[in-house]
Amino acid sequence: MRNLKSFFKKTLYISILLFFIWACQGGREANRQQNIKPLGNIESGKAGEEKHSNIADKSTASPPPSNLDVLNNLSKLYLSQSNALQSELSRERQQLLMEHKELLQQRPNNANKQDEEDGNFNTEEYSKIVENQFQNPKNAPLSTFSIDVDKASYSNSRRMIINGQMPYKDAVRIEEFVNYFDYEYPNPTGEHPFSIITEVSSCPWNPENQLVHIGLQGKKLDYDKLAPSNLVFLIDVSGSMAGENRLPLLKSSLKLLINELSEKDKIAIVVYAGAAGLVLPSTPASEKSKIIKVLDKLEAGGSTAGGQGIKLAYQVAKENFIAEGNNRIILATDGDFNVGVSSTSELVRLVEEKRKEGIFLTLCGFGMGNYKDDRMEEIAKNGNGNYFYIDNINEAKKVFVKEMRATLFTIAKDVKIQVEFNPAKVQAYRLIGYENRMLKDVDFNDDKKDAGELGAGHTVTALYEIIPVGVKSEYLKSVDDLKYQSNQNTNAANNDELMTIKFRYKKPSEDTSQLMTHVLKDKSKKLEETSDNFRFSASVAEFGLLLRDSEFKGNANYNQIISLAKGAKGNDSEGYRAEFIQLVENCQLMQGEKTQD
């Protein structure tokens with residue numbers, strides 16, 4: 001708006017100045033002509049009289065405008081143009097106000113009011129989540145999705161809660177809340193790189209329904225026998241990364257990782273701001289002092305050419321590629337790219353192209369206020385990657401020390417799950433979370449379709465809420481009977497099977513998938529008899545439903561969440577589950593509810 005005013009003012013003033021100069025020159029010329037006295041005619045007779053007559057006629061004509069007349073006209077012109085300018089500015093102002101109002105409506109529904117009062121508008125961005133609905137297995141017998149091992153949503157939401165703010169609704173991805181925590185699943189013993197466990201009980205927030213728990217346990221690897229790593233740190237050093245919780249925290253986080261690497265591993269560092277550059281060629285991880293010295297010199301400043309940096313990082317990783325090794329880029333940024341290839345779609349196409357080169361991607365998000373969660377998630381999802389949000393040094397320790405092997409070493413890629421429900425047992429089903437990971441049913445057998453990666457020792461958990469046959473529910477939607485095909489159950493439905501779960505995955509260096517199948521019987525336990533895995537994951541999912549104010553939250557409440565979680569803490573050596581309980585209690589207080597004793 002200020003730029004618009006300045007433009008109009010400058011244009012008006014320049015126009016008036018030019019007109020004033022022209023008018024003054026015209027006035028001086030007229031005065032000069034008026035002061036010229038006619039010369040006497042040396043001719044005699046009629047000709048002389050005619051000339052004197054012509055001069056007399058001219059002297060009696062209207063006098064040229066004086067300087068005062070010019071200024072009067074100039075004043076009228078100024079008023080006219082000034083009114084026009086005010087009218088134009090008024091229209092522009094109304095348009096900008098309407099655009100600003102639309103932007104405010106699009107902002108997260110819990111935008112920080114203090115930021116607005118201080119003039120520091122929150123520009124964090126989150127993709128809208130449309131919750132999975134209940135599906136009738138007669139009309140939609142299959143549910144297909146990619147696994148999701150990202151954990152950024154939980155740590156990002158934790159940051160907001162600790163700061164006294166309820167998380168934005170679309171910042172809450174329930175599957176990432178559930179998968180933030182480790183679960184005690186059995187280690188795989190067969191040919192496949194992960195084991196499968198299932199469990200069924202009543203649903204805590206809708207007791208008439210059932211909750212199905214599906215867990216995967218990735219194979220744990222012997223660290224001493226791991227293949228060498230070719231790592232490229234791609235670090236955002238733009239101006240938006242200034243601040244203690246950004247570049248300084250980033251440096252400390254990467255130093256933790258460096259200390260966990262062996263001498264057979266290699267590290268290169270690429271930085272980007274207004275442009276991208278290689279500040280450390282691929283260097284043995286044993287030269288820790290050299291690597292850390294380069295890290296310590298990094299400072300924030302300038303714009304953000306993220307696309308250029310990604311291209312250079314892939315180039316460096318490819319030049320130092322280790323066959324049968326772990327080749328990975330670790331991108332650390334707030335996601336606020338604004339120079340060159342910067343749109344989410346362009347960046348996604350870029351990493352989709354590069355993932356074919358056998359180079360994996362880990363994204364680590366930092367910062368707040370301008371954080372671009374939607375962009376980070378899309379890039380990780382489409383770049384054979386995983387995604388974390390580092391809100392403090394303890395989270396950095398969790399990602400780069402405690403779970404380093406799961407973070408960096410992929411044991412299965414393009415892992416997909418497809419569930420077929422038995423309509424004789426299941427009246428309707430709903431996958432909780434994974435909205436951004438849903439696949440078409442035909443994608444399950446399509447080896448060209450990208451899906452999530454499973455790291456060494458990693459666990460993945462998925463939950464389905466089921467409405468059993470015979471239960472009346474407000475969530476059931478009626479559909480007219482089909483005319484050209486039958487909805488009758490097959491003979492295979494007349495058994496005690498609740499569902500059949502199929503898994504597809506590829507080994508990291510292969511392009512052909514392998515199939516696993518697991519049948520779940522209709523054997524439900526009482527909630528109090530279920531495992532800690534079941535009850536704790538249920539409490540986390542229920543918390544997510546409350547934070548999202550889900551239409552399917554049923555009887556969900558903070559006291560029930562806390563009770564479930566406290567009774568299922570298990571071996572909480574790192575204190576992550578205790579911290580979860582504290583976060584729930586904080587939200588309960590922020591909502592004005594009294595906490596349990």
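One table, with the values for the structure above:
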quantity	calculated
Flag for L482 being of a type in the set (A, V, I, L, M, F, W, C) and without any contact (Cβ under 8 Å) to a residue 24 or more places away in the chain	yes
Failed item, numbered, when S282 is tested on (1) surrounded by 18 or more Cβ atoms within 10 Å (Cβ to Cβ); (2) modelled with pLDDT of 90 or more; (3) among the small types (G, A, S)	(1)
Qualifying positions in the stretch 422-461 - of a type in the set (A, V, I, L, M), within 23 Å of the chain's Cα centre (by Cα) and under 27 Å from R328 (Cα atoms)	M438, L439, A451, L454, V460
Flag for F552 being under 30 Å from I467 (Cβ atoms), assigned to a helix (DSSP H, G or I) and under 25 Å from the mean Cα position of the chain (by Cα)	no
Residue within the stretch 500-521 that is assigned to a helix (DSSP H, G or I), open to solvent by less than 20 Å² (accessible area, probe 1.4 Å) and out of contact with any His (no Cβ under 7 Å at 6 or more places or on another chain) present	no
Any hit, the stretch 368-383, residues being of a type in the set (D, E) and touching a Pro at 6+ places or on another chain (Cβ under 8 Å)	no
Flag if I267 is at pLDDT 90 or above, surrounded by 18 or more Cβ atoms within 10 Å (Cβ to Cβ) and of a type in the set (A, V, I, L, M, F, W, C)	yes
Which numbered condition N494 fails, given (1) modelled with pLDDT of 95 or more; (2) open to solvent by 40 Å² or more (accessible area, probe 1.4 Å)	(1)
Selection count where residues are open to solvent by less than 10 Å² (accessible area, probe 1.4 Å), among the small types (G, A, S) and over 24 Å from A428 (Cα atoms), scope the stretch 160-217	1
Selection within the stretch 176-204 - of a type outside the set (G, A, S) and without any contact (Cβ under 8 Å) to a residue 12 or more places away in the chain	T189, E191
Selection status of G367, crowded, with 23+ Cβ neighbours inside 10 Å, modelled with pLDDT under 90, in contact with an Asp or Glu (Cβ under 9 Å, 6 or more places away or on another chain) and not in a helix (DSSP H, G or I)	yes
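The values are calculated or read from the model by the stated rules, or taken from the named source; none is laboratory data. All of these numbers come straight from a predicted model, not from anything done at the bench. Glycine also receives a Cβ, built like all others from the backbone with ideal geometry; neighbour counts cover every protein chain displayed. Side chains are part of the model used for accessible areas, which takes the heavy atoms of the whole protein and leaves out ligands, DNA and RNA. Shrake-Rupley method; radii C 1.70, N 1.55, O 1.52, S 1.80 Å.
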